[in-house]
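S.K.: Okay, handing you the structure first.
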Amino acid sequence: MKEPGKFRTRTIEAGVLRRNGGPLEIETVEMEGPRHDEVLVRVAASGVCHTDISFIEGWSGRKEPIVLGHEGAGRVEEVGGEVRDIGIGDHVVLSYQSCGRCFPCRDGRPTECEHFGRLNFGFQRGDGTNALYRSGVRGHFFGQSSFATYVLATQRNLVVVPKDLPLKTLAPLGCGMQTGAGAVINSLKVSEGNSVVVIGSGSVGLAAIMAARIVGAHPIIAIDIKPKRLKLALDLGATHVIDSGVDDVAACVGDIVGNGVDYVLEITGEQSMQRLAVGILKPLGTVAIFSGEDPADDLPDGRKMLSIIQGSAVPQRFIPELIALYRSGEFPFDRLITYYDFHSINDAIADSRRGDTIKPVVRMNVAR
């Protein structure tokens, strides 16, 4: 794809996906920008998310190579002329992209942006261009492609964060932590005393458990097949845990709550677990799903199903709230993190696939 070169070009290192299943190959590629509405960020670290792994496992070799990564954090190195209130040297966390112009965006609901799919999964800017075109590679995944040493972002998917906290720790806030905690606090609006079941105690599920404890939910039941994760779930706020590889989950939940639960967060994406989630709900209860599929609308007894996107969060508001909760000790999400160097990114992905690591974070340019 040829595009006229109007902006300065630099070389960066990026983890490029060239074939289905990977591995990612660390390559030198050319990046054009920033444009007038963009910010150049030197990446300190990026989380590895299940969505990245899903793209790796489902990518077709017939398509152009891509750069993934959407939980970036780093330092601002250059600012386009149209960007306001962001300066060189600012520390930032990167999140999902939105257009800022459609009605949902103007109404303060950017997760419902009319262009969400194209801006986050289209591997292009909003105008269809691609800053990595000179190298035959596509970027702009979630408006960032943060498996790289430098990225381009905009004010819409950038959050300025305090400089006294390590960027390598803050990186996962841009997606996984935001999604899990936001599902409880923003999407479902769980209240004190509500019963909550979380199916899947990975990073999103454990963030949801911490948020459920913060809002005073009770009981908080964690379900998983890995004993170590269930033990951590108890440490982080779960009142009960169920090993779905051993126990009769529905019977165990019935013993704990009797008449069904108010909210179930089904994070695994497995159809059997989704059916289980509906079955353990009380009438008028709600199941939250995270698979991206359309929710069922024919559930019995007034039960509801809600599809969660980024925890219904406005990053510029919600990420500072999560940082404040982290500082106070109420949201210790750093306990989920294992760090890897950039050139070990495939090890991070493999460990996450096996479930050995809950939240891998890859360090790029600097330790902070």
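The values are calculated or read from the model by the stated rules, or taken from the named source; none is laboratory data. If you're wondering where the values come from, they're calculated on a predicted model, not measured in any experiment. So basically every Cβ, Gly included, is an ideal-geometry build from the backbone, and we count neighbours across all protein chains shown. What goes into the accessible areas is simple: the full protein's heavy atoms, side chains included, and nothing from ligands, DNA or RNA. Shrake-Rupley method; radii C 1.70, N 1.55, O 1.52, S 1.80 Å.
S.K.: Answer yes or no as to whether residue 314 is without any contact (Cβ under 8 Å) to a residue 60 or more places away in the chain and either under 30 Å from residue 333 (Cβ atoms) or of a type in the set (Asp, Glu) (or both).
M.R.: No: the conditions fail for residue 314.
S.K.: Given (1) closer than 23 Å to residue 238 by Cα; (2) without any contact (Cβ under 8 Å) to a residue 24 or more places away in the chain; (3) of a type outside the set (Lys, Arg), identify the lone condition not met by residue 340.
M.R.: That leaves (1) as the condition not met.
S.K.: Is region 340-356 home to any residue that is open to solvent by 30 Å² or more (accessible area, probe 1.4 Å) and within 24 Å of residue 185 (Cβ to Cβ)?
M.R.: no
S.K.: Against the condition open to solvent by less than 40 Å² (accessible area, probe 1.4 Å), of a type in the set (Val, Ile, Thr), under 17 Å from residue 313 (Cα atoms) and at pLDDT 95 or above, how does residue 111 come out, does it pass?
M.R.: Yes; evaluated as a whole, the condition is true for this residue.
S.K.: List pairs: first in region 269-290 and within 17 Å of residue 183 (Cα to Cα) and modelled with pLDDT under 95, second among the aromatic types (Phe, Trp, Tyr) and in a loop (DSSP other than H, G, I, E, B), Cβ under 8 Å, 6+ apart or cross-chain?
M.R.: Between residues of region 269-290 that are within 17 Å of residue 183 (Cα to Cα) and modelled with pLDDT under 95 and residues that are among the aromatic types (Phe, Trp, Tyr) and in a loop (DSSP other than H, G, I, E, B), the close pairs are 269/290.
S.K.: While we're here: Select from region 156-202 the residues that are of a type in the set (S, T, N, Q) and more than 15 Å from residue 212 (Cα to Cα) and write down the one among them that is surrounded by the most Cβ atoms within 10 Å (Cβ to Cβ).
M.R.: Filtering region 156-202 for residues that are of a type in the set (S, T, N, Q) and more than 15 Å from residue 212 (Cα to Cα), the one surrounded by the most Cβ atoms within 10 Å (Cβ to Cβ) comes out as 157.
S.K.: Same structure, new question: When region 338-366 is examined, which residues are found to be touching a Pro at 6+ places or on another chain (Cβ under 7 Å) and within 22 Å of residue 75 (Cα to Cα)?
M.R.: 338, 340, 359, 361
S.K.: Can you list residue pairs whose Cβ atoms sit under 6 Å apart, with the first residue in region 112-136 being of a type in the set (D, E, K, R) and the second being assigned to a loop (DSSP other than H, G, I, E, B)? Count only pairs 6 or more apart in sequence or on different chains.
M.R.: Going by the 6 Å Cβ cut-off, the qualifying pairs are 114/102; 125/140.
S.K.: Now for a different question. How many residues, within region 247-275, are open to solvent by 50 Å² or more (accessible area, probe 1.4 Å) and under 24 Å from residue 50 (Cβ atoms)?
M.R.: Result for region 247-275: 5.
S.K.: To continue, here is another question. For residues that are of a type outside the set (Asp, Glu), over 13 Å from residue 171 (Cβ atoms) and in a loop (DSSP other than H, G, I, E, B), tally how many sit in region 320-368.
M.R.: Here the count works out to 7.
S.K.: In addition: Identify, by number, the condition in (1) within 30 Å of residue 36 (Cβ to Cβ); (2) surrounded by fewer than 22 Cβ atoms within 10 Å (Cβ to Cβ) that residue 145 doesn't meet.
M.R.: Here residue 145 meets the rest and fails (2).
S.K.: While we're here: Would region 305-313 turn up any residue that is part of a loop (DSSP other than H, G, I, E, B) and in contact with a strand residue (DSSP E or B) (Cβ under 6 Å, 6 or more places away or on another chain)?
M.R.: yes
S.K.: Keeping to region 276-301, report how many residues are more than 19 Å from residue 257 (Cα to Cα) and either open to solvent by less than 40 Å² (accessible area, probe 1.4 Å) or of a type outside the set (S, T, N, Q) (or both).
M.R.: Result for region 276-301: 11.
S.K.: Residue 43 is checked against (1) over 20 Å from the mean Cα position of the chain (by Cα); (2) aliphatic (A, V, I, L, M); (3) closer than 23 Å to residue 168 by Cβ and fails just one. What number does that condition carry?
M.R.: Condition not satisfied by residue 43: (1).
S.K.: OK, next. I need a count of the residues in region 344-368 that are closer than 17 Å to residue 43 by Cα, at pLDDT below 95 and not hydrophobic (A, V, I, L, M, F, W, C).
M.R.: Residues in region 344-368 being closer than 17 Å to residue 43 by Cα, at pLDDT below 95 and not hydrophobic (A, V, I, L, M, F, W, C): 2 in total.
S.K.: Here's a follow-up. Please verify whether region 95-103 includes one or more residues that are under 19 Å from the mean Cα position of the chain (by Cα), surrounded by fewer than 21 Cβ atoms within 10 Å (Cβ to Cβ) and assigned to a helix (DSSP H, G or I).
M.R.: Scanning region 95-103, I find no residue that is under 19 Å from the mean Cα position of the chain (by Cα), surrounded by fewer than 21 Cβ atoms within 10 Å (Cβ to Cβ) and assigned to a helix (DSSP H, G or I), so the answer is no.
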